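Below you'll find the structure, written out as structure tokens, and then a few comments.
The values are calculated or read from the model by the stated rules, or taken from the named source; none is laboratory data. From a predicted model like this one, the values you see are computed outputs, not experimental measurements. Note that each Cβ is placed from the backbone with ideal geometry, even for glycine, and that neighbours are counted across all protein chains shown.
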Amino acid sequence: MADLNPTRTVFGALLITVLFLGGLPDVAPAQTNEGAQFRVTYPASAHDGPITGRVFVMISETDTREPRLQIGREGTPFFGRDVKALAPGEYGIIDVTDIGSPLESLSELPAGDYFVQGMVNIYTEFRRADGHVVWMHNDQWEGQAFQRSPGNLYSDVVRVHLDPSAGFDVELEAKNVIPPIPFPEDTEWVKRFRFESPMLSEFWGQPIYLGATVLLPRDYEESTISYPVLYKQGHFSTGAPLRFREGTEIYEEWLADDFPRMMVVTFQHPTPYFDDSYAVNSVNVGPYGSAIIEELIPEIERRFRTIQEPWARWLDGGSTGGWESLALQLFYPDFFGGVWSYCPDPVTFTNVEGFNIYEDENAYYKTRGWRKVPIVNSRDVDGTMRMTSRQRNYYELAKGTKGRSGEQLDIWSAVYGPLGDDGYFKPLFDKRTGDIDPSVAEYWRENYDLLEYMKRNWSWLGPKIQGKIHIYMGDMDTYRLEQAVYEMDAWMKTTTDPHYRGFFMYGDRKPHCWSGPVSTADRLKEMAMHGLRFKPEGTTTPWWTY
């Protein structure tokens, strides 16, 4: 928690004189004998306060973009600290005790000239229906990207000389407010809507919104027929499904006379934890699975002429969307008629980006005799390591405590994990040490391990999903996700009553997110043919002359 008392600053120290971009050519020294720290504040003109949230400082060697827009898994260094009830003019302090990424501490920063920027990520108080009160970032339809979330505050970029060994004291005033994001306008082919979800708003105690972006077939306005729908899963975006736009290959195919006429729909369901809900019900994230099936899709089917039958509802998606599409097909087998899952997130938790939650004791290191070997989180197709598990999770910890990073491991823990005593999720492992909690691992297994779900329920589930499962995976997936798919593939080959082995295809030395050897247009034709095979006898198909 930040020190909110401005008297903490040693006023006898030599404070930095910052130079705003475009100012004097010299770099101001930022040296003091009282350690290295940044003081992030904001004026009442930007926000009337008080603010509970997290303050940040971003440090870049270039000004090609604002430093706040340069952070990422392999981006420029940044550091953060939580603040509680921070009033205008008070300081959130960031110093060498705060975790950062890719440098873990300000003390590791080489002496030099840098462009720096401060930010304030504002949290909202959620009084949830389960009785817990939590402080989270309330998505503003930006997809849980605090660096560009409307209402958040940021400072001007300043250029300064920093030397942690000599000490420095830098004040950054977050006086700028990120403006609202305009809702995209409809086009001839692409339509959008959003609405407040009664289920989710009740759970969170705040208005929570769902949305959809719909790509229409070529003659939708002139016809009266209904169409099959591909529900395409993935990260938050209000862009056109399939990146549909004039000049692209899919644009030309979509308008061709011999192309199947269908709709493609993407969902928008950002949460206070992530840009996407994972499309299932969760004690931490809320009843998103029910809201999608009982609120969002019925609203789509009310607004647009869709064929409201399972054989004409298809699913696909990659990575996050790969897991979601497969989970929706398995959890709602009578509602959807087929899934094409590309590079899905772990379909079983024996390999979660490198570690086995059921057998390993630590998420950061494997024990090999007397050695502790770092776990590889991500890699290139030649096997070169990109990032260790510890580095990946420290990046998330720098972005937010209590799972509020808006990042991958945190949303898995929020969706798959049990509720903690404080109202936030109970973590699978300690973010600082990597130590795994076996009781939480067991909760993951019992509720969200898709392979384990199939094993337990095969007698009734198997007949419902026969012919409907298609999974594509590169055998050198960047995040090692192929290992879990191999396990599902191997088990499905052994199934009985019924025997159904599914369809699995692996790309030789292909990374994340390989989706097979065919074009998007050919994949859509494949889905259309799949629909024809599963349609009821006597059903006509005016949406495709074939």
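Considered as a group, the residues in the range 69-101 that are assigned to a strand (DSSP E or B) and among the acidic types (Asp, Glu) include one that is surrounded by the fewest Cβ atoms within 10 Å (Cβ to Cβ), and that residue is Asp95. Scoring His512 on the criteria (1) over 22 Å from Phe336 (Cβ atoms); (2) surrounded by fewer than 17 Cβ atoms within 10 Å (Cβ to Cβ) leaves a single failure, condition (2). Close Cβ contacts (under 9 Å, 6 or more residues apart or on different chains) running from residues in the range 462-477 that are at positive phi to residues that are part of a strand (DSSP E or B) and at pLDDT 95 or above comprise Gly467/Phe503. Note on the range 373-390: among residues that are touching a Lys or Arg at 6+ places or on another chain (Cβ under 8 Å) and not in a strand (DSSP E or B), the one that is farthest from Glu104 (Cα to Cα) is Val381. It is to be established whether one or more residues within the range 269-290 are free of Cβ contacts under 8 Å to residues at least 60 places away in the same chain and either more than 20 Å from the chain's Cα centre (by Cα) or under 25 Å from Ala521 (Cα atoms) (or both). The answer is no; no qualifying residue exists.
The number of residues in the range 142-157 being over 23 Å from Thr62 (Cα atoms), of a type in the set (Gly, Ala, Ser) and under 12 Å from the mean Cα position of the chain (by Cα) comes to 1.
Among the residues of the range 318-366, the one identified as β-branched (Val, Ile, Thr) and part of a helix (DSSP H, G or I) is Thr320. When we screen Arg243, Arg261 for residues that are assigned by TED's automatic domain parsing to the domain that holds Phe195 and more than 18 Å from Ala212 (Cβ to Cβ), the only hit is Arg261.
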